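K.L.:
This structure is in structure tokens; I'll ask about it shortly.
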Amino acid sequence: MKHYRRFIVVIAALLLTACASLLPAPVIDRGGAGASSATTAAAAKDLYTVKKGDTLFSIALDHGLDHRELATWNNIENPNRIRIGQQLRVKPLVPAGSDSVVTQPIGSNEAMVEQRSLDSSTQVAAADSSTPQFKTEPKAGKVAYSEEALAQAQRAPDVVAPKPESRPEAKAEPKPEAKPVPSGEPSAGADDMAWIWPANGKVVGQFSEAGSKGLDIGGKAGDPVIATGDGKVVYAGTGLRGYGKLIIVKHNATFLSAYAHNQNLLVKEGQSVTKGQKIAEMGSSDADQVKLHFEIRRQGKPVDPLKYLPPR
């Protein structure tokens, strides 16, 4: 009787162990929080927080934008009314679904799963005619030696496996060597352009990372200021402190040029200009002497104009 009870206990323990091994493993969701954080970080890059001294025009210049686009994206009716701490969108909002990838959870489409009973042998036998069938013949077998069997084997045609078609080897074309870009020069790109000087005067002030954001070119009041390339006037006025009468031309998706301290402005916002066109007259507005302050902005960031202008 004791041996029988021990046998029952051992069987029960084995059954419990088998059941436990069939339990599904726990599933840990690792994607939700990470995806949310990545989305938040990407959205934060498209926003700018207004600081003391900012204007809508200066924010647009620092991001390589037309101030009217910036106002439209942020529903701003009066460009002179922005507040410190306000967050402004500096990139257009991408419509939902334009570049997004739509995914479906696994198992959501039950119509794709074919169910068959394990007990039904007839369903397995009744396979679709389109299913490839495997032949089990001819079968190899042993035949007793005799002169008749030998003669029959000698009459059987030899089976020769077909040879694969020979194809000429493709010769790899030599790749052109990439020429290194000289240090300090801008790299070529789709939006690069051939610049010309905006004025004929002598350079009286150099570009500096920590100081001046462009070149100062001397001259006399009324000297012509010309567009350094084709583009569209995205600003003409006195709304940027320290620039006086200012013109900003947007040349393409990458470059802006700025012309400050003018005496007279000869173009208006929204007007298209061509390279070499006179757009202003040199002056001393908001400056201590007659000069043209000239800037090149690459994606909103000031760069040294001497690296783009032709030598003279």
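The values are calculated or read from the model by the stated rules, or taken from the named source; none is laboratory data. Everything quoted here is computed from the prediction, not taken from an experiment. Neighbour counts run over all protein chains shown; Cβ positions are idealised from the backbone, glycine included.
K.L.:
Kindly provide the set of residues from region 57-111 that are outside any loop (DSSP other than H, G, I, E, B), at pLDDT below 50 and of a type outside the set (A, V, I, L, M, F, W, C), ordered by number. Let's see the steps before the verdict.
P.N.:
To start, the set of residues in region 57-111 that are outside any loop (DSSP other than H, G, I, E, B) comprises 57-62, 67-73, 87-89, 110-111.
If we keep only those that are at pLDDT below 50 as well, we get 110-111.
110 - this is the single residue of region 57-111 that is outside any loop (DSSP other than H, G, I, E, B), at pLDDT below 50 and of a type outside the set (A, V, I, L, M, F, W, C).
K.L.:
Residues in region 276-299: is at least one acidic (Asp, Glu), under 30 Å from the mean Cα position of the chain (by Cα), within 17 Å of residue 243 (Cα to Cα) and surrounded by 15 or more Cβ atoms within 10 Å (Cβ to Cβ)?
P.N.:
yes
K.L.:
Looking at the structure I just gave you, is residue 311 more than 28 Å from residue 80 (Cα to Cα) and surrounded by fewer than 22 Cβ atoms within 10 Å (Cβ to Cβ)?
P.N.:
Yes; evaluated as a whole, the condition is true for this residue.
K.L.:
Mind checking which pairs have a first residue in region 246-270 that is assigned by TED's automatic domain parsing to the domain that holds residue 232 and surrounded by fewer than 19 Cβ atoms within 10 Å (Cβ to Cβ) and a second that is part of a strand (DSSP E or B) and hydroxyl-bearing (Ser, Thr, Tyr), Cβ under 8 Å, 6 or more apart or different chains?
P.N.:
269/235
K.L.:
Is it fair to say residue 223 is exposed (fewer than 15 other Cβ atoms within 10 Å of the Cβ), more than 30 Å from residue 46 (Cα to Cα) and of a type in the set (D, E, K, R)?
P.N.:
No, not satisfied.
K.L.:
Let me ask something else about it. Which numbered condition trips up residue 190, out of (1) hydrophobic (A, V, I, L, M, F, W, C); (2) within 26 Å of residue 252 (Cα to Cα); (3) at pLDDT 95 or above?
P.N.:
(3)
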